[in-house]
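The values are calculated or read from the model by the stated rules, or taken from the named source; none is laboratory data. Predicted model only: the values in this text are computed from it and were never measured. FYI the Cβ positions are ideal-geometry reconstructions off the backbone, even for glycines, and counts take in every protein chain you see.
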Amino acid sequence: MTKESKTSLGLKVTAAIKIRAPIYTRMFDIAKEHRDIAKQIEGKNRVLETKESMITILFAYTTLEAYINTIGTDFLDSVWSQTNKINDPLDSKWLAVSKQLASKKLGGEYSVFNKDKEPFKSFLALKRIREENLVHWKAEESEPSMTKYGLLDPIIAVFDAGKAQWACDTGKQ
């Protein structure tokens with residue numbers, strides 16, 4: 001969008017106006033909305049509970065991806081451009097951004113994240129569920145797992161209202 005105005009000398013000046021929506025907040029709202037639906041139907045409709053849990057997990061993870069891209073862009077300038085070009089996995093980006101921001105603020109190599117501790121441990125589990133059970137799912141037969149709903153495919157057994165709640169808690173952390 002551009003806006004034209006005139007200076008005191010009568011010259012036309014065109015200024016570009018740019019905006020950016022915090023899209024990650026809307027993504028997280030979607031995750032929470034579907035978590036709430038999964039919780040409302042928990043134990044009543046397994047197929048719908050599974051679907052709502054899947055949507056929650058996808059949007060909780062996507063929220064974190066959009067958020068780290070925003071933080072990197074806003075606070076790391078050209079360093080982020082180099083980090084983002086590498087096309088690293090999301091967990092590597094989180095660690096890199098954490099280290100770079102800490103070194104800017106504290107002057108040393110430090111990260112608030114540790115792969116073996118929370119909240120990063122849950123983030124890695126969320127990534128694994130997203131990748132192995134949804135995005136890169138292998139169409140293989142497997143032994144059924146016993147759940148509170150009875151025997152289910154182990155891939156489907158992962159998705160329930162409890163997992164939807166956990167995914168939102170992980171995103172919030």
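Computed values, structure above
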{"item": "R26 vs. criteria modelled with pLDDT of 85 or more, in contact with an Asp or Glu (Cβ under 9 Å, 6 or more places away or on another chain), charged (D, E, K, R) and under 30 Å from F159 (Cβ atoms)", "result": "no"}
{"item": "Count of region 26-50 residues which are in a helix (DSSP H, G or I) and either on the phi > 0 side of the Ramachandran plot or in contact (Cβ under 8 Å) with a residue 24 or more places away in the chain (or both)", "result": "12"}
{"item": "Number of the condition not met by N87 [criteria: (1) at pLDDT 80 or above; (2) not in a helix (DSSP H, G or I)]", "result": "(1)"}
{"item": "Residues located in region 126-140, provided they are in contact (Cβ under 8 Å) with a residue 12 or more places away in the chain and either farther than 14 Å from F159 by Cβ or touching a His at 6+ places or on another chain (Cβ under 8 Å) (or both)", "result": "K127"}
{"item": "Per-region count, region 141-157, residues outside any strand (DSSP E or B) and without any contact (Cβ under 8 Å) to a residue 60 or more places away in the chain", "result": "8"}
{"item": "Only one of E140, E132 that is more than 30 Å from Y67 (Cα to Cα) and surrounded by fewer than 18 Cβ atoms within 10 Å (Cβ to Cβ)", "result": "E140"}
{"item": "Scope region 56-82; condition closer than 12 Å to C168 by Cα and surrounded by 20 or more Cβ atoms within 10 Å (Cβ to Cβ); matching residues", "result": "T56, I57, F59, A60, Y61, T63, L64"}
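Residue by residue, here is whether (1) over 18 Å from I37 (Cβ atoms); (2) at pLDDT 90 or above holds:
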position: K127; (1), (2): yes, yes
position: E131; (1), (2): yes, yes
position: K138; (1), (2): yes, no
position: E141; (1), (2): yes, no
position: P144; (1), (2): yes, no
position: T147; (1), (2): yes, no
position: L152; (1), (2): yes, no
position: K163; (1), (2): no, yes
position: Q173; (1), (2): yes, yes
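This table checks each residue for (1) at pLDDT 95 or above; (2) touching a Phe, Trp or Tyr at 6+ places or on another chain (Cβ under 9 Å); (3) within 30 Å of F120 (Cα to Cα).
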| site | (1), (2), (3) |
| --- | --- |
| L9 | no, no, no |
| V13 | no, no, no |
| K18 | no, no, no |
| K51 | yes, yes, yes |
| L58 | yes, no, yes |
